[in-house]
Amino acid sequence: WRASDRTLAVAGVARAAAVGWGVLASGGSALAAVVDAVVCLEDDPLFNAGTGSVLNAHGEVEMDASVMAGDTLAAGGVACIQRVRNPVRVARHVLETTDCVLLAGAAATAFAREQGFEDYDPGRPRAAHAGRRGGTVGAVALDDAGHLAAATSTGGREGKRRGRVGDAPIPGAGNYADAVAAVSATGWGEQMLRYVTAKDVAARVARGAEPQRALREALDDMARRYAWCDLLVCRS
């Protein structure tokens, strides 16, 4: 990050947090709060999600996103979805309107059209911000009812193989929420998938660890297992 871009990114995160807090303050659910916060980040071309998504090896935008409600363990996600503005909104529709947890590729895009999501080319606005890209975005929230939720969205790894799916849309890997913890993670997706990172952090919290301690322990364990891979970037 250049200093100017970092300042803009911090401001973007602050805006997203304010959006989420606004939903909670008006009595909205944790699920609604995390979705609206992530939408704010998907619409910001500085981040690698939605409008700011990086390109795969074929010059295409393929996006992943997921949401999870901690009180019911209900989850919904999309993988390798194309030509939508806000994949996290589509993920919520998967949770709320289908008996599926994950839809992928052309089927995910077709589902989005069925649900009324218009065609949108993320590649057009992102071109003006080439070389200025942050990482995966996510949010966690706790509402007045005591319910937790998590949401995660990403454009994946730049130059990735077509069809590659990372940890972001997979419950327990890059996104997870239950009755005691909500986790949204980012890092090297293949390693996060193998380690089931988000679930591991939540399980440590359930066993009594403070969230930051649980996160540190999980990252330390991952570092021991995958010392050759730079993956120690995670949010909880």
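Just so it is clear, none of the values below were taken in a lab; they were calculated from the coordinates. It should be emphasised that the depicted structure is a prediction, and the values quoted were computed from it without experimental measurement. Cβ coordinates were reconstructed from backbone atoms using ideal geometry, including for glycine residues, and neighbour counts include every protein chain displayed.
Worth a mention:
- With helices as the sole contributors, the chain gives -12000 deg cm²/dmol at 222 nm; each DSSP H run of n ≥ 4 counts as -39500 (n - 2.57), and the sum is divided by every residue.
- Rough spin-label spacing in nm, given labels placed 7 Å along Cα→Cβ, for residue 144 and residue 157: 4.5 nm
- One Cα centroid belongs to segment 1-65, the other to segment 161-180; the line between them spans 17 Å.
- The residue 193 and residue 5 beta-carbon pair, evaluated with R₀ = 30 Å, returns a calculated FRET efficiency of approximately 0.55.
- For the chain, built as a Gaussian network whose Cα springs stay under 10 Å, the top-fluctuating residue of 63, 222, 192: 222
- Inter-label distance, nm, simple model (7 Å from Cα along the C-beta direction), residue 14/residue 96: 3.0 nm
- Compared with the direct C-alpha span, the chain from residue 216 to residue 73 gains 49.0 nm at full extension, assuming 0.36 nm per residue.
- Top of 95, 215, 73 by mean-square fluctuation, Gaussian network on the chain, Cα under 10 Å: 73
- Per-peptide packing, taken as the mean over residues of other Cβ atoms within 10 Å, places 157-169, 102-114 in the sequence 157-169, 102-114 from highest down.
- Amide H partners (placed H, <5 Å) of residue 103, local residues excluded: 77, 78, 79
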